[in-house]
Amino acid sequence: MYKSILVPVDGSESSALAAQHAAELASKLASELFLFHVVPSLPPYLDAAPERLSSIQQSIMDEYMKQGKTILDKAKDSLAAYGLNIQTLIAVGSPADEIIKKAKKQKYELVVMGSRGLGGIKGVLMGSVSSRVARNASCPVLIVR
Ligand SMILES: Nc1ncnc2c1ncn2[C@@H]1O[C@H](COP(=O)(O)OP(=O)(O)O)[C@@H](O)[C@H]1O
Ligand SMILES: [Mg+2]
């Protein structure tokens with residue numbers, strides 16, 4: 001059961017807590033963990049931009065990708081003590097949509113994610129990414145708090 005677990009990470013404390021929780025579960029169930037980060041795509045007005053803007057857009061995306069890879073590496077390093085099989089994956093797009101798509105396409109058996117993220121509004125109990133994934137994913141979703 002739950003042999004392949006998708007763990008969306010955004011670099012927040014809440015997602016780090018979720019990753020620890022997923023690692024505990026994975027070590028009990030001998031599961032493989034897939035840490036997944038989604039780099040949010042840039043607003044559309046930049047897409048329709050002339051030459052100079054598109055090169056600026058490219059450097060912003062390059063920076064985002066670099067940050068995304070750092071987030072994934074840190075998350076992976078923080079779970080090293082569990083001795084698990086862990087892979088890191090990155091995509092560009094709308095975080096909730098990409099997580100839902102990935103879970104369905106790769107047939108992950110469980111998604112483990114944080115209840116809050118980086119963009120948190122104080123007092124809100126669940127972020128928009130976690131609530132959209134919880135409502136729309138095709139597999140079970142565990143939201144850690
Ligand atoms: N860009 C992202 N890539 C991967 N996972 C994400 C991303 N954004 C959010 N998540 C996941 O969703 C959880 C909840 O975050 P979110 O719903 O964005 O809350 P908030 O509104 O507080 O930022 C995070 O702990 C993380 O597991
Ligand atoms: Mg967020």
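The values are calculated or read from the model by the stated rules, or taken from the named source; none is laboratory data. Nothing here was measured: the structure is a model prediction, and the numbers come from that model. All Cβ positions, even for glycine, are placed from backbone atoms using ideal geometry, and neighbour counts span all protein chains on display. For accessibility, only protein heavy atoms count, side chains too; no ligands or nucleic acids. Shrake-Rupley method; radii C 1.70, N 1.55, O 1.52, S 1.80 Å.
For residues in region 49-65 being farther than 17 Å from Val92 by Cα and at pLDDT below 80, which is most open to solvent (accessible area, probe 1.4 Å)?
It comes out as Arg52.
Would you mind finding the one in Ala23, Ala81, Ala18, Ala75 that is within 15 Å of ligand 2 (Cβ to nearest atom) and either under 24 Å from Ser138 (Cα atoms) or not in a strand (DSSP E or B) (or both)?
On inspection, the qualifying residue turns out to be Ala18.
For Gly68, state whether it is on the phi > 0 side of the Ramachandran plot, within 16 Å of ligand 2 (Cβ to nearest atom) and modelled with pLDDT of 95 or more.
no
What are the residues in region 3-15 that are surrounded by fewer than 19 Cβ atoms within 10 Å (Cβ to Cβ), farther than 19 Å from Lys101 by Cβ and not acidic (Asp, Glu), if any? Steps first, answer last, please.
So in region 3-15, the residues surrounded by fewer than 19 Cβ atoms within 10 Å (Cβ to Cβ) come out as 3-4, 11-13.
This time we only want the ones that are farther than 19 Å from Lys101 by Cβ, so: 3, 11-13.
Answer for region 3-15, where residues must be surrounded by fewer than 19 Cβ atoms within 10 Å (Cβ to Cβ), farther than 19 Å from Lys101 by Cβ and not acidic (Asp, Glu): Lys3, Gly11, Ser12.
Give the residues of region 66-83 that are closer than 17 Å to Ser94 by Cα and surrounded by fewer than 14 Cβ atoms within 10 Å (Cβ to Cβ), sorted by residue number.
Across region 66-83, the qualifying residue is only Gln67.
Among (1) aliphatic (A, V, I, L, M); (2) surrounded by 14 or more Cβ atoms within 10 Å (Cβ to Cβ); (3) farther than 16 Å from Ile71 by Cβ, there is one condition Leu125 misses while meeting the rest; what is its number?
In the conditions (1) aliphatic (A, V, I, L, M); (2) surrounded by 14 or more Cβ atoms within 10 Å (Cβ to Cβ); (3) farther than 16 Å from Ile71 by Cβ, Leu125 misses (2) alone.
Are there any pairs with C-beta distances below 7 angstrom linking a residue in region 103-129 that is part of a loop (DSSP other than H, G, I, E, B) and acidic (Asp, Glu) to a residue that is more than 16 Å from ligand 2 (Cβ to nearest atom) and open to solvent by 60 Å² or more (accessible area, probe 1.4 Å), with the two at least 6 apart or on different chains, and if so which?
Sorted first by the residue in region 103-129, then by its partner, the pairs are Glu109/Lys3.
Within region 36-48, is even one residue within 16 Å of Val144 (Cα to Cα), open to solvent by less than 60 Å² (accessible area, probe 1.4 Å), at pLDDT 95 or above and of a type in the set (A, V, I, L, M)?
no
Taking region 103-120 only, how many residues are buried (at least 19 other Cβ atoms within 10 Å of the Cβ), more than 10 Å from ligand 1 (Cβ to nearest atom) and either at pLDDT below 95 or not hydrophobic (A, V, I, L, M, F, W, C) (or both)?
1
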